[in-house]
1. Would you mind checking which residues have amide H under 5 Å from Leu5's amide H? H placed 1.01 Å from N; only 5 or more apart, or other chain.
2. Can you work out ³J(HN,Hα) from phi for every residue in region 106-120, in order, using Karplus 6.51 cos²θ - 1.76 cosθ + 1.60 and θ = phi - 60°, giving whole Hz and x for Gly and Pro?
3. Would you mind checking which residues have amide H under 5 Å from Leu110's amide H? H placed 1.01 Å from N; only 5 or more apart, or other chain.
4. For Glu132 and Thr111 in one chain, what is 0.36 nm times their gap in residues minus the Cα-Cα distance, to one decimal in nm?
5. Helix-derived [θ] at 222 nm for the chain: sum -39500 (n - 2.57) over DSSP H runs of at least 4, divide by residue count, nearest 500?
6. What is the projected area of the convex hull of the Cα atoms of the chain, averaged over all directions, in nm²?
7. Place a point 7 Å from the Cα of Lys76 along the Cα-to-Cβ direction; which residues of region 40-55 have their backbone N under 20 Å from it?
Amino acid sequence: MHILLVEDNPGDVRLIEEAFREADVETTFHTVHDGDAALELLRERQRSGSTTELDLALLDLNLPRISGFEVLAEIKNDDELTAPPVLVLTSSKAEEDIARSYRLCANAYLTKPSNPDEFTKLGKAVEAFWFEEATLPPAPA
């Protein structure tokens with residue numbers, strides 16, 4: 001599985017990567033640290049015709065330069081831009097952030113756990129649902 005991880009906190013990057021290693025799914029992370037870099041990576045992959053599809057994106061909301069909300073809005077409003085399912089993974093539990101994320105077409109909203117063991121459970125839950133249970137749309141031709 002190839003996951004776009006958009007996260008500016010190095011500690012959270014490490015915890016997320018470890019959580020997916022614990023989930024027994026071979027995962028390659030394509031990690032960027034701000035929203036601008038995320039959009040550029042998506043556009044560059046599209047321009048280059050990359051043969052490696054991204055299976056999922058994990059997006060923090062509080063990012064430097066371009067926020068996670070702006071990334072979601074750009075994906076939603078740019079018909080030329082294709083993106084994998086986007087799961088918001090953030091520390092915010094604010095109802096307005098949850099509602100706004102879904103209005104901008106996030107596929108799920110997950111709150112970052114407070115301890116490493118909970119990150120492992122989250123990684124296993126994401127893997128079980130998104131890679132084993134959910135039926136995803138075919139990759140764009």
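Each reported figure results from applying straightforward, stated rules to the coordinates on display, with no laboratory input. These numbers come from a predicted model, not from an experiment. Quick reminder, even Gly has a Cβ in these numbers, built from the backbone with ideal geometry, and neighbours come from all protein chains shown.
1. Result for Leu5 returns His30, Thr31, Val32, Leu58.
2. Per-residue couplings from phi come out as 4, 7, 6, 10, 10, 9, 4, x, 9, 9, x, 5, 5, 4, 4 Hz.
3. Val88, Leu89, Thr90
4. Values: separation 21, 0.36 × 21 = 7.56 nm, distance 2.13 nm.
Using 0.36 nm per residue and subtracting the Cα-Cα distance, I get 5.4 nm.
5. Computed ellipticity for the chain at 222 nm equals -12500 deg cm²/dmol.
6. Numbers: hull surface 32.1 nm².
Computed as one quarter of the Cα hull surface, the answer is 8.0 nm².
7. Under cut-off, by backbone N: 40, 42-43.
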